[in-house]
Amino acid sequence: MTVTVSDITPTTGVEITALVGDRLVDRQVAEECRAALDRRGVVIYREAHIGDDDLVAFSRLLGQVVPLPLGGHPTHCEIQRITRDPSKSPLAACREGTFHWHIDGTTDEVPNKATLLTARQVPDDGGGDTEFANTFAAYEAMSDTEKAELDGLRVVHGFAASQLLVTPDPSPRERAAWDRNPSREQPLVWTRAGGRRSLLIGATAGEVVGRPAAEGRALLDDLLDRATRPEFTLRHRWRRGDLVIWDNTGMLHRALPYGEASSRLMHRTSLAGEELVA
Ligand code: OGA
Ligand code: MN
C-alpha cells in the first residue's frame, strides 16, 4: 500500500497512512516524523499497530526516552499504560486530571519534548477522543499589543492547580498531599532558540507572579479560552492501532471524558525535553 501524508487542519496535524508495525522503526521515518512534528505539532499514524518493542525502538529513534515509573507495564519500564482500570495502572485514579487542557511535565525544569500514545483498545461508546490545541498558532495570531502585554510575565505551575479542577473542595489532607509536589515558575511565553514562541498554560498554571490571584486567574483563563478556539484545535477520534505523537512543548492536550469502566487502553512513551524554557 502506498504511504499517504496529509495535513489535517490549516495549522495543525499530519495524518500518515499505510506505515505499520516495524516499518516505523526506520531512521528516515523518524527524521520525517520529527520534521512533521516541528511543522504541524501532531503526527498521526493511522492504524499503525506498532508492538511494544517497536514502540520503544521508534521512540528511541525520535529522542531520549524517559523511563515512566508507575507505568504499570509488566515488561517495559518505558511504557505507561493509560487506563482507568486500577488493575492495569497504579495511576488509574488520576486519569480525570487528563480531561482538562494541559501540557505534560510543566513542573519539570525541562518539560517533555514529545509524547507518543498508541491505542490498544478503543471503547465503542465513543468517549475518550483526544484533543490538541496549538499554542504556537494561538500566540502567532495575537496582535503585537497583546503579545507585548505578555512579555516578561511568569506563571507558577503546580500539581495542586490541576487537581483543583477535578476536586474543587479538597480536604486539608488532600490539599497537603498535593502541596508536597514542588511547583515551578515558568515564563508565560516560551521563546525557542530558533525564535518561535508558544504559550505555557493549561491545568497546572495556578497564578501569575506579582498579580493578585483573581486577576492572574482571569488572564490565564482568557488565554486558555483563546488558545483552545476551534481554529487552533484538532480532535482525534481513535481507531485501534492508531499511533499519535505530539510536540508537548507547544500543544495543549486533553482526553474527552471516558468512564471508570471504559475499556480504553493506551500505551504511552515520553521523550525527554531538549530545550530549557526561556
Ligand atoms: C497523557 C494524556 C491523553 C489521552 O497521557 O498525558 O494526557 O487522551 N493523555 O489519554
Ligand atoms: Mn497529558
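Points worth noting:
- Placed amide H near Lys113: partners under 5 Å, 5+ positions off or other chain: Leu271, Ala272, Gly273, Glu274
- Carbon and sulfur %, accessible surface of the chain computed with the full protein complex present, 1.4 Å: 50
- On full extension, the segment bounded by Leu165 and Thr4 gains 54.0 nm, given 0.36 nm per residue less the C-alpha separation.
- Built amide H within the under 5 Å cut-off of Arg154, gap 5+: Leu188, Val209
- Whole-Hz couplings from phi, Karplus 6.51/-1.76/1.60, listed for the stretch 122-134; x for Gly and Pro: 10, x, 8, 8, x, x, x, 4, 10, 10, 10, 10, 8
- Built amide H within the under 5 Å cut-off of Glu185, gap 5+: His157
- Where only C-alpha atoms are counted, convex hull volume of the chain per residue in Å³: 130
- Among the trypsin sites (Lys or Arg not before Pro) in the stretch 147-197, those located in a DSSP loop and surrounded by at most 12 other Cβ atoms within 10 Å of their own Cβ are Arg180.
- Antiparallel content of DSSP bridges confined to the stretch 1-137, in %, to 5: 60
- In this rough spin-label picture, where each label sits 7 Å from Cα along the Cβ direction, the Arg237-Lys88 distance is 2.2 nm.
- Table column - 3J(HN,Hα) (Hz), the stretch 253-262, Karplus curve with 6.51, -1.76, 1.60, x for Gly and Pro: 8, 7, 8, 6, x, 9, x, 4, 8, 4
- Phi to ³J(HN,Hα) by Karplus 6.51 cos²θ - 1.76 cosθ + 1.60 over the stretch 7-19, Hz, x for Gly, Pro: 5, 9, 10, x, 10, 9, x, 10, 10, 10, 10, 6, 10
- Applying the criteria of a DSSP loop state and at most 16 other Cβ atoms within 10 Å to the GluC sites (Glu not before Pro) of the stretch 94-174 yields Glu109.
- Here the Debye sum runs over all C-alpha atoms of the stretch 172-262 as equal scatterers in vacuum, and log10 of I(q)/I(0) at q = 0.11, 0.15 Å⁻¹ comes out as -0.48, -0.85.
- Net lengthening on full extension, Arg229/Arg180 (0.36 nm per residue, minus Cα-Cα): 14.3 nm
- Positive-end residue of Thr191, Leu164, Thr145, charge dipole of the chain with Cβ unit charges: Leu164
- Debye intensity ratio in log₁₀ form over the Cα atoms of the stretch 100-149, taken at each q of 0.24, 0.29, 0.31, 0.32 Å⁻¹: -1.07, -1.14, -1.17, -1.18
- Ranked order, His76, His236, His100, His49 - accessible area, probe 1.4 Å, largest first: His49, His100, His76, His236
The values are calculated or read from the model by the stated rules, or taken from the named source; none is laboratory data. Quantities reported herein were computed from a predicted structural model and do not represent experimental measurements. All Cβ positions, glycine included, derive from the backbone under ideal geometry; neighbour counts span all protein chains shown. In case anyone asks, the SASA skips ligands and DNA or RNA and just uses the protein heavy atoms, side chains included. Shrake-Rupley method; radii C 1.70, N 1.55, O 1.52, S 1.80 Å.
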